[in-house]
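What follows is calculated from the coordinates using simple rules that are stated; it is not laboratory data. The shown structure was predicted, so the numbers you read here are calculated from the model rather than taken from an experiment. As a convention, Cβ positions derive from the backbone with ideal geometry for all residues, glycine included, and neighbour counts pool all protein chains shown.
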2 protein chains.
Amino acid sequence: MKNKLYFKLKNKKVQEEAFSAICEEQKHIGYYALPEQDISPILSYAQTIPEHIESIAIIGIGGSSLGAKAIYEFIKPTKNLKRKLYFFESTDPLNITTLLSKINLEHTHFLVISKSGTTVETFSIYKYIYSLQNSPKSYTFITDPNSPLEKYAQDIGATVLHLPDNVGGRFSVLSTVGLVPLALSGVDIQSLLNGASTIKKSFFGAGHMKDTLLKKAVFYARHHEQYRINCIFAYSETLKYFCEWYVQLWGESLGKRQRHSAFNVGLTPIGLIGPKDQHSFLQLLIDGTRNKSVTFIKIEDFQDDIIIPDISLKHLESLNNLNNLPFSKLINMQCDSVIEALIEEDIPLDSITISNVNEDNIGALIYYYEILTSLVGELIDVNTYDQPGVEEGKIILKKKLSS
Amino acid sequence: MKNKLYFKLKNKKVQEEAFSAICEEQKHIGYYALPEQDISPILSYAQTIPEHIESIAIIGIGGSSLGAKAIYEFIKPTKNLKRKLYFFESTDPLNITTLLSKINLEHTHFLVISKSGTTVETFSIYKYIYSLQNSPKSYTFITDPNSPLEKYAQDIGATVLHLPDNVGGRFSVLSTVGLVPLALSGVDIQSLLNGASTIKKSFFGAGHMKDTLLKKAVFYARHHEQYRINCIFAYSETLKYFCEWYVQLWGESLGKRQRHSAFNVGLTPIGLIGPKDQHSFLQLLIDGTRNKSVTFIKIEDFQDDIIIPDISLKHLESLNNLNNLPFSKLINMQCDSVIEALIEEDIPLDSITISNVNEDNIGALIYYYEILTSLVGELIDVNTYDQPGVEEGKIILKKKLSS
């Protein structure tokens, strides 16, 4: 994975302060250590799921589903995966009914994922599905040790797996939360961690990623007032759900009151997919208010590439220059053209290039964004790991439910 | 469709000026007249597609696909549609291959949609598919009259349908561009137009929608500097692609240099889906920088509603208050709770309520957003209907392709 910045920045002192803070934070924030975890318990657990199980249904929302979905949807088009994943993450009755129509309850294993064990969405859906399939062996529960959910699961005789300590939902994809469904689907989870580990070593070991991540984070923090919106522009449909994962990570981590002031700060994440969104959002990027930075993500080599055939269409001969071009080359030329157009307009941007669609690369991309988020959180003086703003809505709902 | 604003505004004079401008604009901008069109030619055309055709594949991008997709994905969960729609809208080779693996070429009809007839994405994909299926009767082309694409299509003996005059891509969903694929899939296109017509009559006939749309547009324009981001928070998964359509409509229409100044202006659209994004974006809305307005969209009555069963889970008895609740009621309570929390924080918001999931309501929603976009464009002094910013990237790509 390469990351090229198109903006300059010195601020060595700020960079080193942020680096020290992250080195300190690493001692108590759990996600940093995930690349080194021993995955053998997860692999052993995966062996206990019978062969006739063809679908894995995740009942979970937000941090309990977005990460696994991002990786699954990225890998799926290139690999003949063993099992399909389905995500129950809405209380929309039409969505629940549609998803249920796609699976066979007898051939499905359900993963109920809830850190607290009391998430309204997760348990309303669980109750409904449990009324259709009440065999405890069809369920695995992933929750905090000693939560009421663990006690419930033990009571009915279902399997329980634990979340690691001090790993928040949106930073949990490389823990049991993401690795268990992905292992069951046939994704190579060790490679995910290896990819993450590459970024970790490069960052903490003063490699290329230390320099790049620090420069980028300081740029975002210092220009926070001007560039309030940070877009990812990913040139592949495979990264669509990675963008959704990024939106949660960035928005929920950085949208806060500052720790030492009454200011509300934050940076707004937007996920775009190229070339499609050249026909949607690009006009706004180029001619709209200049309040956006852009990170392009490119895939160098698409597996199973296909080539535009050498066909000349009468009256449309101007399109002959597309002939014999591999689609992978076309999509990257489209990306490069937009990069050049944005540089002309002096819009702050950087590009990330990954070699191809595999577990190593998505693991690296995820860990890269996690460190970047932690750095920016530190630099804009927020608690990156809590989410106090969502409590009020929960309290109001609770009152409505009781009355 | 009801629309309740939670902010106050007088500015009667500005409102009336904007209304007059739109009444004037209506004479030459084509989309306004679409609700009254005669759809019998489209219905007759639909009769020519043989019964053995089970899939319709749209080859088109941006304005040529987003509208039909928004409506199709909205209606699909509630209606047993006659044919499936597939959208080829990316040059990502993995995406093309994956989509092709889902359809049977012998049972698929392809709609190639391109206003200019020279869209790079559309024709690279068309050439590839044409190399696999070269029977002209498998294709219908939708393009401007007398375009090179029309000549090509006539030469090979394929059907050609025309776009109406003066209807831009992102305002074209209620023209042939959207109506043809939707009619082929079995969506009731007359009801779509009827829904749009209701909004049109209410707006131009000085009904509820005139007052609401004008107030809302003036609020957005006047507070443009502070609330640069306009979120839709739609409480149903069925509205996911409606949000994507909205993002194009809003971003590409309003992100412009002003007509009478050198200022780059614009408003940034964001589409959110509830309750999922309560676990993603809500924290940023509540505690982040106060630069966002929010429009909630609620569906009063979901067809095929399901009920949370009356099950008490040991150790999780606190969740008993969910029992016997219909999911449609729960999702709307979740929405109302977030609305109340945001009002407490003095975040500018409004709510749109539609009665249920049907063609009338999505037609109304679409026309409502089209008029709102036109009004805001007028009020911020941009040309709502062009997209000059995307040209530079196209020129650079053309150079790369030639060399």
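Principal semi-axes of the equivalent ellipsoid, √(5λ) from the alpha carbon gyration tensor of region A:203-246, are 23, 18, 8 Å from largest down. For region A:30-190, a crude dipole built from +1 on the beta carbon of Lys and Arg and -1 on the beta carbon of Asp and Glu, taken about the Cα centre, is about 320 debye to the nearest 20.
I want the antiparallel fraction of DSSP beta bridges within region B:248-403, as a percent rounded to 5.
35
Once whole DSSP H runs in chain B are found, which of them have Cα atoms spread over 24 Å or more along the helix axis and a mean Kyte-Doolittle score of at least -0.5? Answer set is B:327-344, B:359-379.
Counting only Cα atoms, I'd like the Rg/Rh figure for region A:256-379, Kirkwood definition for Rh. Intermediate results must be reported in sequence, preceding the final value.
On the way: Rg = 18.9 Å, Rh = 17.6 Å.
Answer for region A:256-379: 1.08.
For region A:13-59, the Kirkwood radius over C-alpha pairs fed into Stokes-Einstein at 37 °C and 0.692 mPa s yields D = 228 µm² per second. For region B:30-190, give me the percentage of DSSP beta bridges that are antiparallel, rounded to the nearest 5 percent. Percent antiparallel among DSSP bridges in region B:30-190 is about 0.
In the protein assembly as shown, the DSSP beta bridges split such that about 15 percent are antiparallel, to the nearest 5. Restricting the calculation to Cα atoms, every distinct pair contributes to the Kirkwood radius of region A:137-179, found to be 10.8 Å. Between B:D304 and A:N104, the simple label model (points 7 Å from Cα in the Cβ direction) yields a spacing of 2.1 nm.
In summary, the aspartates and glutamates within cross-link reach of B:K10, defined as a Cα separation below 14 angstrom excluding same-chain residues under 8 places away, comprise B:D211.
Taking N as the residue count of chain A, its C-alpha radius of gyration divided by 2.2 N^0.38 Å amounts to 1.04.
Per-residue ellipticity at 222 nm for the protein assembly as shown, helices alone: DSSP H runs ≥ 4 residues times -39500 (n - 2.57), over residue total, nearest 500 deg cm²/dmol?
Taking each H run of at least 4 residues, the total per residue is -13500 deg cm²/dmol.
Placing +1 on the Cβ of every Lys and Arg and -1 on the Cβ of every Asp and Glu, with nothing else charged, gives chain B a dipole about its Cα centre of roughly 660 debye.
In nanometres and ascending order, the distances from the B:K137 label point to those of the other copies are 5.5 (point 7 Å from Cα along Cα→Cβ).
Rule-of-thumb check for region B:364-403: C-alpha Rg over 2.2 N^0.38 Å?
That ratio works out to 1.78.
Take B:H315, move 7 Å from Cα toward the beta carbon, and the resulting point lies 7.1 nm from the same point in each other copy, nearest first. Expressed as a whole number of Å, what is the distance separating the alpha-carbon centroids of region A:329-403 and region B:260-279? Measuring centre to centre over Cα atoms gives 16 Å.
Alpha-carbon geometry of region B:1-96: the Rg and the Dmax are 19.9, 58 Å, given in that order. Here B:N194 and B:F7 are evaluated by their C-beta separation; at R0 = 41 Å the FRET efficiency comes out at 0.85. Counting Cβ atoms of other protein chains within 10 Å of each Cβ in B:93-104 and taking the mean gives 5. Projecting the Cα atoms of A:T176, B:G255, A:I129 onto the charge dipole of the protein assembly as shown (Cβ charges, centred on the Cα centre) puts B:G255 farthest toward the positive pole.
For A:R83, the distances from its label point to the matching points in the remaining copies are 3.8 nm, ordered from shortest, with each point set 7 Å beyond Cα toward Cβ. In percent, rounded to a whole number, the relative contact order of chain B is 22, using alpha-carbon pairs under 8 Å and six or more apart.
Both numbers refer to the Cα atoms of region B:30-190; Rg and Dmax are 14.5, 41 Å. Taking N as the residue count of the protein assembly as shown, its C-alpha radius of gyration divided by 2.2 N^0.38 Å amounts to 0.92.
Cross-linked pairs A:K276/B:K398; A:K276/B:K399; A:K394/B:K240; A:K13/A:K298; A:K216/A:K298; A:K292/B:K115: Cα-Cα separations exceed 27 Å for A:K13/A:K298; A:K292/B:K115. For chain A, a Gaussian network of Cα nodes joined below 10 Å ranks A:S101, A:S318, A:S114 by mean-square fluctuation, and the top entry is A:S318. Using only atoms on other chains, find how many Cβ atoms lie within 10 Å of each Cβ of peptide A:120-132 and report the average. Taking all residues of A:120-132 together, the mean is 5. Counting Cβ atoms of other protein chains within 10 Å of each Cβ in A:298-304 and taking the mean gives 2. Among A:12-19, B:231-238, B:294-301, the peptide with the highest mean count of other Cβ atoms within 10 Å heads the list, and the full ranking is B:231-238, B:294-301, A:12-19.
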